[in-house]
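The values are calculated or read from the model by the stated rules, or taken from the named source; none is laboratory data. As the structure is a prediction and not an experimental result, all values here were calculated from the model. Note that we place each Cβ from the backbone using ideal geometry, even for glycine, and neighbour counts take in every protein chain shown.
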Amino acid sequence: MSTETTPEAGRCPLNFDPYDHAIQDDPYPVYARMREEAPLYHNEEHDFWVMSRYADIHKAWRTDDVYSNRMGVTLDASAWNENAHVVMSFLGMDPPEQTRLRKLVSRGFTPKRVAEMEPRIAAISLEHLEQALAQGEAEGGFDWIVDFAGKYPMDVISELLGVPQADRDEVRRLADLLVVREHGLRDVPQAGMDASMQMFGYFADLLAARKKAPADDLVTALLMAEDEGDRMNDGELTAFLFLMVVAGNETTTKLLGNAVRNLCTVPDQRAAVFADATLIAPWIEETLRYEASSQLLARQTLQDVTIAGTTCPAGAQLLINIGSANHDHTVFSNAEEFDIRRDKAELAKHIAFGGGRHFCLGANLARLEAQIALRQLVERCSSIEVADAPVRMYSSNVRGYASLPVRTTLR
Ligand code: HEM
């Protein structure tokens, strides 16, 4: 049975395509219509399905053997195939393969390792922030994304992995190419494919170097990680290092951009945060709820799924709509409003880091990075304002800015 998308009086037919730039400019009205009119929406032209209600997504994450990651997690044509795990490691796997690798990785990528990095993360953040603020003083403003938020998360990943200082600019250049999208293209551009190959080559060399000369870094810890005699082979290790870049770089950049942009739209909340640093944590969480960096996660259905009388068949491509669930008014009051004073218990329900067995492995690192950077901003400045029109980065699943010109007032 196909999804009912008959127009109600005065309404145009419901049409959702995540590659449509007009929808990316403001997807929330169409998300609201999908929750209301077609909670299991079918796009007939491109033959994909979308699950948009919070309760259905919550249930899906707790249902085994129905939603598979084996074809990858994006709609992009070249990424949707059975070899997804080669470039995205266990994010492109189901149990028991995913369980095995995630367990091995968790032996090295521990909360303790992340917590111990705090002083280094703070130093990396402050170095970039001071440069950006100095530029702002000299030129009357700077670009929060280009000059700060686009640089810092990748350098933190490099620090974590043990990428030598001398290589970090080049690794960041390759990582930047991975996230470039082209208008009208429903796939990764050639420059991104080339950069992926180079990044793989770089990580293979880094592994070889650490085998010869172990160091105090995550790459070495992963080489030594063992579970009852089981270890990761070189291909598995390289794929995981690549996953760290794909999953942890752009998402954190977008979080920092969305945080500043949204706070600047509500001057009273901005004044409150710059007067009281304890509001930074709810500022981060409300940003994650209001504008989740990863909006849509693709799955392949292994069985028929029926919601509100509509059935999506086994073998289909289904999108889990995180961005919509985080605006579901049955869970969040005044869901379309950005409000850092939102009830704490309600805020804790956002699902920006996913859920179930693929819950984000870097959530504590992402939160720590954001907390450090935004605290430094608040300590160094008494306010920030958006100085010129932000430029959106158009992507079928990642939500955020390519450019955000700002002006700051130093304390
Ligand atoms: C604001 C920042 C971030 C957001 C919004 C975010 C979001 C997500 C989401 C939604 C998933 C689930 C994907 C799925 O189920 O298909 C995920 C998985 C993952 N994330 Fe994050 N992430 C962020 C930062 C990071 C960082 C900093 C790292 C590490 C450096 C990281 C590493 C991972 C890994 C390894 C997975 C795969 C987990 C698995 O498949 O078992 N993420 N992330």
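Each row is one residue, and each column tells you yes or no for (1) over 30 Å from Leu241 (Cβ atoms); (2) assigned to a loop (DSSP other than H, G, I, E, B); (3) at pLDDT 95 or above.
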site: Thr3; (1), (2), (3): yes, yes, no
site: Cys12; (1), (2), (3): yes, yes, no
site: Ile23; (1), (2), (3): yes, no, no
site: Tyr41; (1), (2), (3): yes, no, yes
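Against the numbered list (1) surrounded by fewer than 18 Cβ atoms within 10 Å (Cβ to Cβ); (2) among the small types (Gly, Ala, Ser); (3) in contact with a Gly (Cβ under 6 Å, 6 or more places away or on another chain), Ala149 comes up short only at (1). Per the conditions (1) touching a residue at least 40 places away in the same chain (Cβ under 8 Å); (2) within 18 Å of Asn397 (Cβ to Cβ), the sole criterion not satisfied by Val86 is (2).
Condition check: over 22 Å from Arg261 (Cβ atoms) and touching a Ser or Thr at 6+ places or on another chain (Cβ under 7 Å). Does Val146 satisfy that? Write out each step before concluding.
Details: over 22 Å from Arg261 (Cβ atoms): no; touching a Ser or Thr at 6+ places or on another chain (Cβ under 7 Å): yes.
In short, no.
Kindly evaluate Thr265 against the criterion of being buried (at least 22 other Cβ atoms within 10 Å of the Cβ), under 24 Å from the mean Cα position of the chain (by Cα) and assigned by TED's automatic domain parsing to the domain that holds Asp76. Let's see the steps before the verdict.
Working: buried (at least 22 other Cβ atoms within 10 Å of the Cβ): no; under 24 Å from the mean Cα position of the chain (by Cα): yes; assigned by TED's automatic domain parsing to the domain that holds Asp76: yes.
It is false that Thr265 is buried (at least 22 other Cβ atoms within 10 Å of the Cβ), under 24 Å from the mean Cα position of the chain (by Cα) and assigned by TED's automatic domain parsing to the domain that holds Asp76.
Flag not set for Arg407, criterion: in contact with a Ser or Thr (Cβ under 8 Å, 6 or more places away or on another chain), basic (Lys, Arg) and either more than 20 Å from Arg289 (Cα to Cα) or buried (at least 19 other Cβ atoms within 10 Å of the Cβ) (or both). Going through (1) part of a loop (DSSP other than H, G, I, E, B); (2) out of contact with any Leu (no Cβ under 8 Å at 6 or more places or on another chain) one by one, Ala175 falls short only on (1).
Scanning the range 239-290 for residues that are more than 11 Å from the ligand (Cβ to nearest atom), in contact (Cβ under 8 Å) with a residue 24 or more places away in the chain, farther than 13 Å from Glu369 by Cβ and of a type in the set (Val, Ile, Thr) returns Val260, Thr265, Val266, Val273.
Taking (1) surrounded by fewer than 21 Cβ atoms within 10 Å (Cβ to Cβ); (2) within 13 Å of the ligand (Cβ to nearest atom) in turn, Gln131 satisfies each apart from (2). Taking helices (runs of 4 or more DSSP H) as the structural unit, those lying wholly within the range 307-395 and holding at least 2 residues that are within 16 Å of the ligand (Cβ to nearest atom) and in the same structural domain as Pro282 (by TED's automatic domain parsing) correspond to 363-380.
Determine if the range 50-69 includes at least one residue that is in a helix (DSSP H, G or I) and in the same structural domain as Leu243 (by TED's automatic domain parsing).
First, the residues of the range 50-69 that are in a helix (DSSP H, G or I): 54-61.
Pick out the ones that are also in the same structural domain as Leu243 (by TED's automatic domain parsing) and you get none.
Looking through the range 50-69, none of the residues is in a helix (DSSP H, G or I) and in the same structural domain as Leu243 (by TED's automatic domain parsing).
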